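Working notes, beginning with the structure itself.
The values are calculated or read from the model by the stated rules, or taken from the named source; none is laboratory data. This one's a predicted model, so the numbers in the text were calculated from it and none came from an experiment. So basically every Cβ, Gly included, is an ideal-geometry build from the backbone, and we count neighbours across all protein chains shown.
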């Protein structure tokens, strides 16, 4: 996959114009990407509490004012209604639509939450010599629901979602150390090895994203994932919720080191 090293603002402009509609892995190296969840104000406090109680899958980096689509803290001037390549609309726990512009769905009572994303730490992994094959091959990362339950908050409950990357066994300690520096982008892995131990039945059939290539000596390494709110939407059945489509992230103006603890 070719690396798009332009400033996030330029990439967001292309997304807004419909020139970019695919997954955002490989875009804007060095800048934080974010998961998106949008809810009516009456559910916002409970979701905020849910994020606080589940910081591994839902590391909170920005919350907008009710009715405002501008994430002032991380991308001033951006518009969350148009600057994500693809969105999902959930109604009563069912996915009702998948669109590239949520302006027709926008309401004055909506609050947007931006959550840290593992695409952020992938650049640090590659810099450390840990290959990211899905980026090299132009694929989305693989994601699954697990048997690990999130801590409930108000009406929100459901399973943790994880992303998985095949890592050569000799590089696993390095992958753990590197990603632990980014707690606001899911941090260190939540599981290494046997998928069945966390409720994943078939490592070759992800629920979201693309199947990954395993090579001799590879170990599956699992990180908490910001698609968790979508699994929570299916389990908790809020009347209305908007999210990004898995792998189609919001690209912020924050440099990756802003989320690093070292």
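When the residues of the stretch 13-35 are filtered to those that are in a loop (DSSP other than H, G, I, E, B) and touching a strand residue (DSSP E or B) at 6+ places or on another chain (Cβ under 9 Å), the one that is surrounded by the fewest Cβ atoms within 10 Å (Cβ to Cβ) is 30. Under the condition of being assigned to a loop (DSSP other than H, G, I, E, B), in contact (Cβ under 8 Å) with a residue 60 or more places away in the chain and touching a strand residue (DSSP E or B) at 6+ places or on another chain (Cβ under 9 Å), the residues counted in the stretch 176-202 number 4. Only a single criterion out of (1) in a helix (DSSP H, G or I); (2) in contact with a helix residue (DSSP H, G or I) (Cβ under 9 Å, 6 or more places away or on another chain) is not satisfied by residue 162, namely (1).
Conditions (1) in the same structural domain as residue 82 (by TED's automatic domain parsing); (2) in contact with a helix residue (DSSP H, G or I) (Cβ under 7 Å, 6 or more places away or on another chain), marked per residue:
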position: 193; (1), (2): no, no
position: 239; (1), (2): yes, no
position: 251; (1), (2): yes, yes
position: 255; (1), (2): yes, no
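Looking at the structure I just gave you, is residue 231 under 17 Å from residue 93 (Cα atoms) and under 14 Å from the mean Cα position of the chain (by Cα)? Spelling it out, residue 231 is indeed under 17 Å from residue 93 (Cα atoms) and under 14 Å from the mean Cα position of the chain (by Cα).
Residue pairs whose Cβ atoms lie under 6 Å apart, separated by 6 or more positions or on different chains, with the first residue in the stretch 204-220 and without any contact (Cβ under 8 Å) to a residue 24 or more places away in the chain and in the same structural domain as residue 133 (by TED's automatic domain parsing) and the second surrounded by 11 or more Cβ atoms within 10 Å (Cβ to Cβ) and assigned to a loop (DSSP other than H, G, I, E, B), are 204/211. If you check residue 62 against the conditions, is it surrounded by 15 or more Cβ atoms within 10 Å (Cβ to Cβ), under 23 Å from residue 28 (Cα atoms) and under 18 Å from the mean Cα position of the chain (by Cα)? Yes; evaluated as a whole, the condition is true for this residue.
Of the residues making up the stretch 126-143, those that are under 17 Å from the mean Cα position of the chain (by Cα) and outside any loop (DSSP other than H, G, I, E, B) number 4. Across the stretch 82-99, the qualifying residues are those that are in a loop (DSSP other than H, G, I, E, B) and within 17 Å of the chain's Cα centre (by Cα), and the one among them that is surrounded by the fewest Cβ atoms within 10 Å (Cβ to Cβ) is 86.
Just to be sure, is residue 148 in the same structural domain as residue 171 (by TED's automatic domain parsing) and at pLDDT below 95? Considered against the rule, which asks whether it is in the same structural domain as residue 171 (by TED's automatic domain parsing) and at pLDDT below 95, residue 148 comes out as no. When the stretch 45-81 is filtered for residues that are assigned to a loop (DSSP other than H, G, I, E, B) and touching a strand residue (DSSP E or B) at 6+ places or on another chain (Cβ under 6 Å), the ones remaining, listed by number, are 56, 57, 58, 59, 64, 66, 71, 73, 74, 75, 80. Against the conditions (1) over 23 Å from residue 137 (Cβ atoms); (2) crowded, with 17+ Cβ neighbours inside 10 Å; (3) modelled with pLDDT of 95 or more, residue 230 satisfies every one except (3).
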